[in-house]
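Reviewing the structure listed below.
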Amino acid sequence: MDQEIDYLRISITDRCNLRCIYCMPAEGVQALEHDDIMSYEELALFARAAVSCGIKRIRLTGGEPLVRKGAVDFVRMLAGIDPGLRLSLTTNGVLLNRYAEELKEAGLNRVNMSLDSLDPETYGMLTRTGRLEEALDGLHSAIEAGLEPVKLNVVVLKGINDDPAPFAELARRILVHVRFIEYMPYFGAKNGKWFVPGDEMRSRLERSGELEEVESPEGWGPANYYRLGGALGTIGFISPVTCHFCPGCNRLRISAEGRMKTCLFDHDGVEIRGEIRGGADLSRPREIIEGELERKRREGHKKPPADAYLRVTDHMSRIGG
Ligand code: SAM
Ligand code: SF4
């Protein structure tokens, strides 16, 4: 059976308040000009067209989505498209303390938060500019606001944050779902030395106690989840490098500059902004989306070439993860 393509990721900005070492260079990435970014009205028009083509879940990402002014109002705009639409956000959490309640009230359902270390010094080194305390405040605010289940994304880097024990302890105590993500070595694998396979992390975790495999709830993405005895939360593994998930891929992406991609590895994607700018109705974006979804159904679920990661020419902060 064809995989239903029902999930849209919207990158609302390429800007970020952190500089994670696996995502961005220390000096940051040349920011897009204001005029080169899709307005919220344009993105909402695109989202409406996508929903009419079968999209049921939308995730806002970035860069850091909460650094773009008006992100809460944009959530409200999206929530108005269809009451059944599920809305989520991927964030580094630094600004969640300020916005969690407003986001919930605007119609956001849940949050994925990047949190790569629970040690203040390592967190500071990994994010280059971040403070662990702010991220933890953000995590607790999201839980208190009811933006659950909160999932934590941990990109594992060898010798830096590859001990699963602190996260296992966190998932024991609070209801969070930690996902260890394999580092994807972009840009000529300059930092391939950081790579740790997901299986290796799982073996390390098994030393902390018996792992019970739990069924991954619908819409939780391509991770396998486990629970350590007595724990409130779970631990999952997302292994885009050792276990490619193209056959189950249900994603459509649009970047802040209005390029639509049906695959993370698409080179340029399809330019949408020019089609929408100037108040086009739904028919043109619909036609483009349907054409691309059809192409993805036809040819998109094949395993990518082994060097696909090295051919990606954009930063993750622009693609949106
Ligand atoms: N700023 C938000 C955040 O950090 O959650 C959203 C954008 S960020 C680009 C989205 C996701 O991409 C994050 O969960 C991050 O862990 C992931 N990511 C970025 N670079 C990566 C890499 N080289 N390998 C694996 N995941 C990566
Ligand atoms: Fe910013 Fe997210 Fe990239 Fe970190 S992973 S630099 S928080 S966009």
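Details
- Whole-number accessible area per residue in Å² for the chain, which is evaluated in the context of all protein chains at 1.4 Å: 45 Å²
- Charge dipole (the chain, unit charges on Cβ, about Cα centre) - positive-most of 196, 95, 111: 196
- Span from the segment 120-185 Cα centroid across to the segment 4-80 one, whole angstrom: 22 Å
- Between helix 96-106 and the chain: long-axis angle, C-alpha atoms, 0 to 90°, nearest 10: 50 degrees
- Tensor-based shape of segment 104-259 (alpha-carbon gyration tensor, a/c under 1.5 rounded, otherwise prolate or oblate): rounded
- Cα-projected label distance for residue 140 with residue 52, points at 7 Å along beta-carbon direction, nm: 4.7 nm
- Cβ-placed point charges (K, R +1; D, E -1), dipole of the chain about Cα centre in debye, nearest 20: 320 debye
- Segment 1-89: C-alpha gyration tensor shape, a/c 1.5 cut-off, then a/b vs b/c: prolate
- For the chain, the relative contact order is 22 percent, taking Cα pairs closer than 8 Å that sit 6 or more residues apart in sequence and dividing their mean separation by the residue count.
- For residue 82 and residue 277, a Förster radius of 22 Å and the Cβ-Cβ distance give a FRET efficiency of 0.35, rounded to the nearest 0.05.
- Qualifying trypsin sites (Lys or Arg not before Pro) for segment 1-81 [loop in DSSP, other Cβ within 10 Å: at most 12]: 69
- Segment 15-80: GluC sites (Glu not before Pro) falling in loop per DSSP and having at most 10 other Cβ within 10 Å: 27, 33
- Placing R0 at 25 angstrom, the Cβ-Cβ distance between residue 212 and residue 165 gives a FRET efficiency of 0.90 after rounding to 0.05.
- Checking every one of the GluC sites (Glu not before Pro) in segment 132-231 against DSSP loop status and a limit of 12 other Cβ atoms within 10 Å picks out 210, 215, 218.
- Value of relative contact order over segment 51-128, rounded to a whole percent, pairs C-alpha under 8 Å and six or more apart: 31 percent
- The overall shape of segment 145-213 is oblate: from the C-alpha gyration tensor, with semi-axes ordered a ≥ b ≥ c, the ratio a/c is 1.5 or greater and a/b is no larger than b/c.
- Ratio Rg/Rh [Cα only; Rh per Kirkwood] for the chain: 0.94
- Surface composition of the chain: carbon and sulfur make up 48 percent of the accessible area, probe 1.4 Å.
- Spacing of the two label points (7 Å from each Cα toward its C-beta) at residue 298 and residue 174, in nm: 4.8 nm
The values are calculated or read from the model by the stated rules, or taken from the named source; none is laboratory data. All of these numbers come straight from a predicted model, not from anything done at the bench. Every residue, glycine as well, gets a Cβ built from its backbone with ideal geometry; the counts of neighbours run over all protein chains shown. For accessibility, only protein heavy atoms count, side chains too; no ligands or nucleic acids. Shrake-Rupley method; radii C 1.70, N 1.55, O 1.52, S 1.80 Å.
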